[in-house]
Amino acid sequence: MKSFHQLVDKILELRWQTSPVTATFDGIHKYDHELDRLDRDFLLDVHEKEKYYLRELEKIDPTKLTEDEQLDYNVLTNALEVKIREFEHLRMWERDPSIYINIPLYGVFTLSCPNLQNRYRS
């Protein structure tokens with residue numbers, strides 16, 4: 001079994017690789033030159049990877065984690081569960097054409113506000 005921290009790193013990297021706009025918003029700039037892919041095969045592949053990582057997380061005994069790690073574990077597990085349910089039941093990627101314009105617009109907004117974090121602090 002992978003260590004908890006290695007698994008968290010892999011899950012975050014999946015998030016950033018598969019949603020470059022989210023990566024930019026999160027402060028990860030190695031994907032700034034890309035936009036999210038929204039084709040069916042890619043989304044299905046990401047969905048399967050998310051289910052795999054959730055299963056891997058569920059193999060970990062949270063009682064053996066530190067208090068901070070338990071909090072991270074709960075947040076990450078819940079986030080993956082919600083994402084999986086939304087993908088399978090709401091299927092917005094099939095039903096909502098606005099995502100095809102919202103993601104690029106959000107990406108442009110995120111790139112145009114590089115000091116957004118500093119604005120929050122003021």
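Here Leu71 fulfils each of the conditions (1) over 15 Å from the mean Cα position of the chain (by Cα); (2) part of a helix (DSSP H, G or I); (3) in contact (Cβ under 8 Å) with a residue 24 or more places away in the chain apart from (3). Looking at this structure, is Glu81 part of a helix (DSSP H, G or I), in contact with a helix residue (DSSP H, G or I) (Cβ under 7 Å, 6 or more places away or on another chain) and of a type in the set (Asp, Glu)? In short, yes. Being over 14 Å from the mean Cα position of the chain (by Cα) and not charged (D, E, K, R) is a description that does not apply to Thr22. The residues of the stretch 30-51 that are of a type outside the set (A, V, I, L, M) and either surrounded by 12 or more Cβ atoms within 10 Å (Cβ to Cβ) or within 14 Å of the chain's Cα centre (by Cα) (or both), listed by number, are Tyr31, Asp32, Glu34, Asp36, Arg37, Phe42, Asp45, His47, Glu48, Lys49, Glu50, Lys51.
Quick one: would you say Leu76 is hydrophobic (A, V, I, L, M, F, W, C), more than 17 Å from Thr110 (Cβ to Cβ), in contact (Cβ under 8 Å) with a residue 24 or more places away in the chain and in a helix (DSSP H, G or I)? In short, yes.
Checking Glu48 against (1) part of a loop (DSSP other than H, G, I, E, B); (2) free of Cβ contacts under 8 Å to residues at least 12 places away in the same chain, which single condition isn't satisfied? Unmet condition: (1). Selection of first residues in the stretch 80-106 that are touching a residue at least 12 places away in the same chain (Cβ under 8 Å) and closer than 24 Å to Tyr53 by Cα and of second residues that are surrounded by 11 or more Cβ atoms within 10 Å (Cβ to Cβ) and of a type in the set (Asp, Glu), restricted to Cβ pairs under 8 Å at least 6 apart or on distinct chains, gives the following pairs, ordered by first then second residue: Leu80/Glu50; Lys83/Glu50; Ile84/Glu50; Phe87/Glu50. Selection of the stretch 6-45 for residues being touching a residue at least 60 places away in the same chain (Cβ under 8 Å) and either under 23 Å from Ile60 (Cα atoms) or part of a loop (DSSP other than H, G, I, E, B) (or both) yields Val8, Ile11, Gly27, Asp32, Leu35, Asp36, Leu38. Residues in the stretch 84-118 that are at pLDDT 80 or above and not in a helix (DSSP H, G or I): Arg91, Asp96, Pro97, Ser98.
The values are calculated or read from the model by the stated rules, or taken from the named source; none is laboratory data. Here the structure is a predicted model, which means the values were calculated and not measured. Note: ideal-geometry Cβ built from the backbone for every residue, glycine included; neighbour counts use all protein chains shown.
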